[in-house]
């Protein structure tokens, strides 16, 4: 299979399957966005896929790794489609691509974990965008439901699948948070197909 890649930060990312990136914006394998002057207006449709990805990529997100147990072993995927949904009850969601070879595992998983990556964990995000089956990493543990838990993340949420909804070429997985953790630190940020950092505004919100 042809490997695709893009310069992300100072390193080149390799993704085995272009669909194995859970988010609708630019993927790390898309390559540099074309330079445009002024404002581009378009109607989404055939021939405008890249423009739509670039527009979606203007919205900066955090980076997560989702893990779940599978029939053949644990599976992980890097995702920027994570968002909070409800505080009471505690619900979160994310959106795996239907074209991903990992989709069936995540869609069927009764339990999964969402790991929010810190600024120093870009390598972990790259790892699971390349290989969703390799858990030969230091400090990985399993929770009571058999879900792999990655160490050292900014936050993690251990979830039970609450609902699965259709979402075009993605699915929307809603999870009820059973357990969670957090630590202090700066987040890893994804914008325009690249990893980066976050500089807070000293004026506050």
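The values are calculated or read from the model by the stated rules, or taken from the named source; none is laboratory data. Given the structure is predicted, the values throughout are model-derived calculations rather than measurements. Note that each Cβ is placed from the backbone with ideal geometry, even for glycine, and that neighbours are counted across all protein chains shown.
Residues considered: 167, 125, 175, 192. Of these, the only one that is under 15 Å from residue 81 (Cβ atoms), in contact (Cβ under 8 Å) with a residue 40 or more places away in the chain and out of contact with any strand residue (DSSP E or B) (no Cβ under 8 Å at 6 or more places or on another chain) is 167. Within the stretch 99-126, the set of residues being assigned to a helix (DSSP H, G or I) and either crowded, with 18+ Cβ neighbours inside 10 Å or touching a helix residue (DSSP H, G or I) at 6+ places or on another chain (Cβ under 6 Å) (or both) comprises 103, 105, 106, 121, 122, 124, 125, 126. The single condition from (1) at negative phi; (2) in a loop (DSSP other than H, G, I, E, B); (3) surrounded by fewer than 17 Cβ atoms within 10 Å (Cβ to Cβ); (4) in contact (Cβ under 8 Å) with a residue 24 or more places away in the chain that residue 152 fails is (1). Residue 2 meets the conditions (1) at pLDDT 55 or above; (2) surrounded by fewer than 15 Cβ atoms within 10 Å (Cβ to Cβ) in every case but one. The failed one is (1).
Restricting to the stretch 189-204, and then to whatever is part of a loop (DSSP other than H, G, I, E, B) and either at pLDDT 95 or above or under 18 Å from the mean Cα position of the chain (by Cα) (or both), can you tell me which residue is nearest to residue 138 (Cα to Cα)? Can you show your working first?
Let us first name the residues in the stretch 189-204 that are part of a loop (DSSP other than H, G, I, E, B), namely 192-193, 197-204.
Still in the running and either at pLDDT 95 or above or under 18 Å from the mean Cα position of the chain (by Cα) (or both): 192-193, 197-198.
Numbers: 192: 30, 193: 28, 197: 24, 198: 27 Å.
Among residues in the stretch 189-204 that are part of a loop (DSSP other than H, G, I, E, B) and either at pLDDT 95 or above or under 18 Å from the mean Cα position of the chain (by Cα) (or both), the one nearest to residue 138 (Cα to Cα) is 197.
Counting residues in the stretch 53-64 that are surrounded by 16 or more Cβ atoms within 10 Å (Cβ to Cβ), at pLDDT 55 or above and within 24 Å of residue 145 (Cα to Cα) gives one or more. Inside the stretch 60-98, residues that are outside any loop (DSSP other than H, G, I, E, B) and more than 22 Å from residue 169 (Cα to Cα) make up a count of 2.
The one condition from (1) within 15 Å of residue 80 (Cα to Cα); (2) more than 15 Å from the chain's Cα centre (by Cα) that residue 119 does not meet is (2). Within the stretch 160-188, restricting attention to residues that are touching a helix residue (DSSP H, G or I) at 6+ places or on another chain (Cβ under 8 Å) and not in a loop (DSSP other than H, G, I, E, B), which residue is surrounded by the fewest Cβ atoms within 10 Å (Cβ to Cβ)? Among residues in the stretch 160-188 that are touching a helix residue (DSSP H, G or I) at 6+ places or on another chain (Cβ under 8 Å) and not in a loop (DSSP other than H, G, I, E, B), the one surrounded by the fewest Cβ atoms within 10 Å (Cβ to Cβ) is 164. Restricting 105, 140 to those that are under 27 Å from residue 184 (Cα atoms) and either touching a strand residue (DSSP E or B) at 6+ places or on another chain (Cβ under 7 Å) or at pLDDT 95 or above (or both) reduces the list to 140.
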